[in-house]
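Below is one structure, written out as structure tokens; comments come after it.
Bear in mind these aren't lab numbers, they're just calculated from the coordinates by the rules spelled out. As the structure is a prediction and not an experimental result, all values here were calculated from the model. Methodologically, a virtual Cβ is constructed for each residue, glycine included, from the backbone with ideal geometry; neighbour enumeration extends over all protein chains shown.
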Amino acid sequence: ILLNYKISAVAAAKNNWVYVSTQGGGVSRFKYLDAVSGATTYTHEWASGLKTNNILTVVVVDDTCQWYGTDKGVALHTNELTKSGWTHYSRADGLICDTVTTIAKDLSGNVWFGTPKGISKLGDETWVNFTTKNGLISNEINTIAIDLDGSVWVGTDNGISRYINGIWIDFEY
């Protein structure tokens, strides 16, 4: 898989699993001790939460849970078993766009999803969406980072936005 598809992201968990997302080949999961041990591939044919094999990003949160951003929504996997523990979210659930390019979890437990059409935040099973109408500098989200003070930094195609205390502050370049 890793030789045949473009690698889009890599994430490591504290339990020594490494997750490699690919564009077209799903996700490869493996442990590396003295050699590769316990390799698994997640594809949409195999893992019920993945609706596509085009995985754009992967993030490990809470030590073992993985979030996968795809071109058909986002998938959460909360189990070490390949076929169980999957939840899928899409526009029908409240996501602003089904193409998810970046994911981050903030200090309050909210999960932020960057898309080409803005940002979605999931907290306490409630979705909140942000676009330029809410103060973002651009809707084309490339990356999200959480600062130690709890603020959310967003890299876009047109500059950087920072979300703190419920307000967006924009920095153009």
So what's the convex hull volume per residue for the Cα atoms of the range 5-94, in Å³?
85 Å³
How high is the relative contact order of the chain, in percent, with contacts defined as C-alpha pairs under 8 Å that are six or more residues apart?
12 percent
Count the lysine pairs in the chain that are 8 or more places apart or on different chains: how many have C-alpha atoms under 14 angstrom apart?
6
Using DSSP to call loops (not H, G, I, E or B), can you name the chymotrypsin sites (Phe, Trp or Tyr not before Pro) in the range 42-138 whose Cβ has at most 15 other Cβ atoms within 10 angstrom?
W46
Looking at the range 129-173, what % of the alpha carbon pairs are farther apart than 16 Å?
25 percent
What are the trypsin sites (Lys or Arg not before Pro) within the range 60-103 that DSSP puts in a loop, where the Cβ has at most 11 other Cβ atoms within 10 Å?
K83
The Cα extents of the chain along the principal axes, largest first and rounded to whole Å, are 46, 32, 32
Can you tell me the equivalent ellipsoid semi-axes for the range 96-173? Use √(5λ) from the Cα gyration tensor, largest first, whole Å.
17, 15, 11
Most fluctuating of S84, S138, S120 in the GNM of the chain (C-alpha, under 10 Å) is S84
